[in-house]
1. All but one of (1) assigned to a helix (DSSP H, G or I); (2) in contact (Cβ under 8 Å) with a residue 60 or more places away in the chain hold for A:His60; state the number of the condition that does not hold.
2. Any residue in segment A:71-92 that is modelled with pLDDT of 85 or more sitting within a Cβ distance under 8 Å of a residue that is in a helix (DSSP H, G or I) and among the charged types (D, E, K, R)? List the pairs, counting only those 6 or more apart or interchain.
3. Any chance you could count how many residues in segment A:27-67 are within 11 Å of chain B (Cβ to nearest Cβ), under 18 Å from A:Glu142 (Cα atoms) and among the aliphatic types (A, V, I, L, M)?
4. Do we have A:Leu105 as at pLDDT 90 or above, assigned to a helix (DSSP H, G or I) and within 30 Å of B:Arg2 (Cα to Cα) here?
5. Can you tell me how many residues within segment B:170-192 are assigned to a loop (DSSP other than H, G, I, E, B) and within 21 Å of the chain's Cα centre (by Cα)?
Amino acid sequence: MDNGASSYRRFLDGDESAFGELMKELFRGLVFFIDGFVHDTHAAEDIAIDAFSDLIVHRHRYNFKVSLKTYLYMIGRSRALDYLKHRKVVAFVELSEAYAVSDELATLERLVLADERKRLLHAAIAKLPEDMRVAVYLIYFEAMTYEEAASVMKKSRKQVDNLLYRAKKELRIILGEDGEQLL
Amino acid sequence: MRNLNECQAEVFRRSETRIKERRRRRNHILMTCMPLALCVSILAVFMLSGGKFTESEITGAAGVPPQNDSAYCYVSKVEVSGQGKTKVFTDPEVVTSIYTQLLDYDGIREENILNSESKTEITPEEEKYGAAFVTGSLSGASGYRIVITLADGSEISYDWKGMVLTAQNPNRSYTLTKDQQKQLTELLGIPN
C-alpha cells in the first residue's frame, strides 16, 4: 500500500486521471481529519481542497521520502492550524442552520467511519485533548505508522508513543470496561 | 457537502488560479528589478572605466579642473605677457592644452622642485641649454608671465624664466626639461 504515491507519480508524468484516483482515496479522510481541528465541515473541505491544490502547484516539494498520505496530512494539519490562527470572528450559526451543519458532519462520519465500532471510538476520542486525539486518529483510523504520525504532528516517535499511552488510559476511563475492547 | 467530482474540479480551478498568480507576481518582480539591475550595471561599468571627474591630481591650486574634456568649459582664457608684448588665447582647445600641459609639469613636481639646496639636480647640459634659452628668446630679467583665467573668474599665474617655471599661490618652482621647454614654447607660440 503506497498511499497514493504511485498515482501521484503517474499524475506527475502527465496522467490527469491519476489525480482523480488520489482524491477518491484520500480526500474524505483528509476532510475528516481537518474537521477534527476546525470543527467546521465546510471549512475543512475548503482546506482539504487547498491541500490537494498544493500537490499541483508545488509539485517539486514532495520528495517521495514519506508516504503521500503522510505528506498530505502534514499539509492539511498545517493549513488547519493556520485557519484557526487567522480566524478572527467566531461563526455564529442560526439554530435552524446548526442542524444542517451537524447533519453534514454525520454524513461525513458515515462516509469515513463505516464501521460502527469506529464511530463509537471516534465519539470517545473527541473528548481527549487535541494532541492525543490526533495521535489516536492517525494511528487507529488512518492506519499510519508511528513514524508517519510523528511526521504529520511534527513530533518525535517517542512523543507519539507517550501520547498514545496516555490516550489509552484516558479512553479506558471514558469508555469504561466494555469500551476497552474497542482499543 | 460537495461530491468528489465537484471537489476535484475545484482543486484544478484553484491550482490554475494560483499558478497564474505566481507567474504574474514573478513577472512583476522581474519588470521592477530589471531596470534597477541595468542601472546598477551601467553605473558599475562607468565607475570601473574610470570616471575621473571625481579625482584631482593637483593640490594647492584653487578650482583645479579635472584632466578631461570638461576643461574645455573650465578655462576661459590664457594670457601670456613678456618682452613688452601680450598674447591672449581664447580658443578652447588651445587654452585647455596649455593648462593641461602646465598641470602635467605640476604633476611631476616631486622630481623637479627647485630649492636652494637642490640646484645640483640640474645637469650641466640642462643648465647650459637653459642659459642659452634665456638669452635667446626670453629676457633674462623678465621672462614671461602666464595667467590662466578660469570660467568662474579665478586666475592661476605662472612665471616662466628660462628653465624655471614658478607657480603663484602657492609659490612653487619647477625646473623644466629640454622637451618641456620646447613643448611650452610651441604651445605659447613664442619665437625662438
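1. For A:His60, the exception is condition (2).
2. From segment A:71-92, the pairs are A:Ile75/A:Asp54; A:Arg79/A:Asp50.
3. Here the count works out to 5.
4. On the way: at pLDDT 90 or above: no; assigned to a helix (DSSP H, G or I): yes; within 30 Å of B:Arg2 (Cα to Cα): yes.
No; evaluated as a whole, the condition is false for this residue.
5. Quick first cut of segment B:170-192, residues assigned to a loop (DSSP other than H, G, I, E, B) only: B:170-171, B:176-177, B:189-192.
Adding the requirement that they be within 21 Å of the chain's Cα centre (by Cα) leaves B:170.
Of the residues in that region, 1 qualify.
Results for (1) buried (at least 16 other Cβ atoms within 10 Å of the Cβ); (2) over 17 Å from B:Leu103 (Cβ atoms); (3) at pLDDT 85 or above; (4) in contact with a Lys or Arg (Cβ under 9 Å, 6 or more places away or on another chain), shown as yes or no for each residue.
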| position | (1), (2), (3), (4) |
| --- | --- |
| B:Arg145 | yes, yes, yes, no |
| B:Ile148 | yes, no, yes, yes |
| B:Ile156 | yes, no, yes, no |
| B:Trp160 | yes, no, yes, yes |
| B:Met163 | yes, yes, yes, yes |
| B:Thr177 | yes, no, yes, no |
| B:Lys182 | no, yes, yes, no |
| B:Ile190 | yes, yes, no, yes |
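The values are calculated or read from the model by the stated rules, or taken from the named source; none is laboratory data. Source: prediction; values computed, not measured. Heads up, the Cβs are rebuilt from the backbone with ideal geometry, glycines too, and the neighbour counts pull from every protein chain shown.
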